[in-house]
Structure formats: structure tokens, C-alpha cells
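Okay, so here's the structure we're looking at.
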Amino acid sequence: MSSSDPRFFPPHPEGGAPLPFSEAVQLGDVLYVSGQIGNVPGTLALVPGGIVPESRRALDNLRGVLERHGSSLEAVVKCTVFLADIAEWKTFNEVYREYFPKNLPARSALAASALALGARVELECIANVPARK
């Protein structure tokens, strides 16, 4: 496999159900991470409590995918944020700044009429995968 061939990383089965997408795809030194919601790892259950705990869990889930594939939050160059209610944008941003205190990635945020499993937030990103030394 050459560096110009994409590498597809299937998701871990959540709640025993195989999901029909890759959790990430790497092409060269770029990692494309599928949308992450605030589900408890290994399950399809959302963390309780609304936008703040869901945002933290979604960002933790995002960090987990990045780290599994040789990247990190610090290497994220672009995020897309989907919110079930755009009125929660300010609250989401307060949590987001905890995870990205400097070198803020380029970002888009939008409201969606509905998110998977009734989630309040979903995040996807593009990140650099540093060359291994």
C-alpha cells in the first residue's frame, strides 16, 4: 500500500451493531474523522444531561479516534460542528474552548434538524498525522 492509497479504519462495534462507515480514513498524512456524538464508548447510549456532557463526551470520543490513528486534538486543522439547536452554540463553544485552548482549527457550525440517536451535538474533523520518527 502506498501513501497515496487511502487507509480505511472501521469503527469499533457499538452496542454489537456494525456501523456502515469508517471511523476515520487516512490519505497520506491527513486523517478524516467521521462525526462523533456524545455516546458512552462501546454503546449507542448518549451520556445524560444535555449539551454540556454530550459535548465533552463527543470531544473525548473525537480525541480517542485521533489518538488511535496517530494524531491528536493539537493536530486538528478543521472541525465541523452540527448542533440540534443553534441556540446551544454559545454553551457548546465554552466546552469546545477547553479542548482547543490555542491554535484553534478552522471551523464550521450549523444547526441540523435531527442528529443520530437524538444527540445534541456531532463533530467531525480533519487532522494531520505527524510522520513517525
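The values are calculated or read from the model by the stated rules, or taken from the named source; none is laboratory data. Everything numeric in this text was worked out from a predicted model, so none of it was measured. For neighbour counting, all protein chains shown are included, and Cβ atoms are generated from backbone atoms with ideal geometry for every residue, glycine included.
For the reader, a short list of remarks on this structure follows.
- Residue in the stretch 2-16 that is touching a Gly at 6+ places or on another chain (Cβ under 6 Å) and surrounded by fewer than 19 Cβ atoms within 10 Å (Cβ to Cβ) present: yes
- When residue 70 is tested against (1) of a type in the set (Gly, Ala, Ser); (2) modelled with pLDDT of 95 or more; (3) more than 13 Å from residue 128 (Cβ to Cβ), only condition (3) is not met.
- For the stretch 73-101, a residue qualifies if it is loosely packed, with under 14 Cβ neighbours inside 10 Å and among the small types (Gly, Ala, Ser), and exactly one does: 87.
- Scope the stretch 105-133; condition among the hydrophobic types (A, V, I, L, M, F, W, C), modelled with pLDDT of 95 or more and closer than 18 Å to residue 67 by Cα; matching residues: 123, 125, 126, 127, 129
- Answer from 42, 70 - the residue that is at positive phi, in contact with a Gly (Cβ under 8 Å, 6 or more places away or on another chain) and surrounded by fewer than 18 Cβ atoms within 10 Å (Cβ to Cβ): 42
- Of the residues examined, residue 117 is one that is in a helix (DSSP H, G or I), touching a strand residue (DSSP E or B) at 6+ places or on another chain (Cβ under 8 Å) and exposed (fewer than 15 other Cβ atoms within 10 Å of the Cβ).
- Residues of the stretch 54-67 classified as acidic (Asp, Glu) and surrounded by fewer than 20 Cβ atoms within 10 Å (Cβ to Cβ), total: 2
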